[in-house]
Amino acid sequence: MHTVVGGRRGYDRSTMPIVRPEYLAFLQTARRAVLATIAPNGQPRQVPICFAIVDNGDGAIIYSPLDEKPKHGSDPHELARVRDLIVRPRVSLLADRWDEEWARLAWLRVEATASLVEPGDPEHDPAIVALRARYRQYRTQRLEVCPLIRLEPTRTVWWCGADRLAMPGG
């Protein structure tokens, strides 16, 4: 959905929960998204992430594992994105769809409050199930011992290049 501002396409700047079905459908088609945090010096820091969505009954929550892919250091709590979100939990997640046919371009930005979910937390196991269902590579990783980044959406901003909502495959 887009709004028309001065005869041109604009952004849907309304405050909408991410549980909106068309936004969730778009996110479900994205294989990766870009997580943005704020570094201690105030600079934005972006990193591509894998993610899964779990609806716990109170709304959709997005989880990203601190997995076994190579990283600087062995302690996931020392990763820059983790240090950033502990100090400044307000983050942004951007998923997009690129197409040479520009009428099919679309993106969704999810503004969220981030936190860590440690192994043993009741949210941890359902999130791992969702991640393994989404990414076959996680079926052989020891996610049970890895913390997860938890994103609780607070606002969404949507844009698409066409008059119709850019639904999956649409």
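What to note about this one:
- Cβ-derived FRET efficiency at R0 35 Å, Asn41 paired with Glu123, nearest 0.05: 0.65
- Net charge over other residues, Cβ less than 14 angstrom from the Cβ of Ile38 (K, R count +1; D, E count -1): +3
- Cα-based equivalent ellipsoid, the range 17-108: semi-axes from gyration tensor eigenvalues, Å: 25, 17, 14
- Residues of the range 92-119 with an amide N closer than 15 Å to a point placed 7 Å from the Cα of Glu152 along the Cα-to-Cβ direction: 111-118.
- In order along the range 110-115, the Karplus-derived 3J(HN,Hα) couplings, from 6.51 cos²θ - 1.76 cosθ + 1.60 at θ = phi - 60°, round to 10, 8, 8, 9, 9, 8 Hz, and Gly and Pro are given as x.
Readers should treat all values here as calculations from the given coordinates under stated rules, not as data from a laboratory. Remember, it's a predicted structure, so these values are computed and weren't measured experimentally. With ideal geometry, Cβ positions are generated from the backbone for all residues, glycine too; neighbour counts draw on all protein chains shown.
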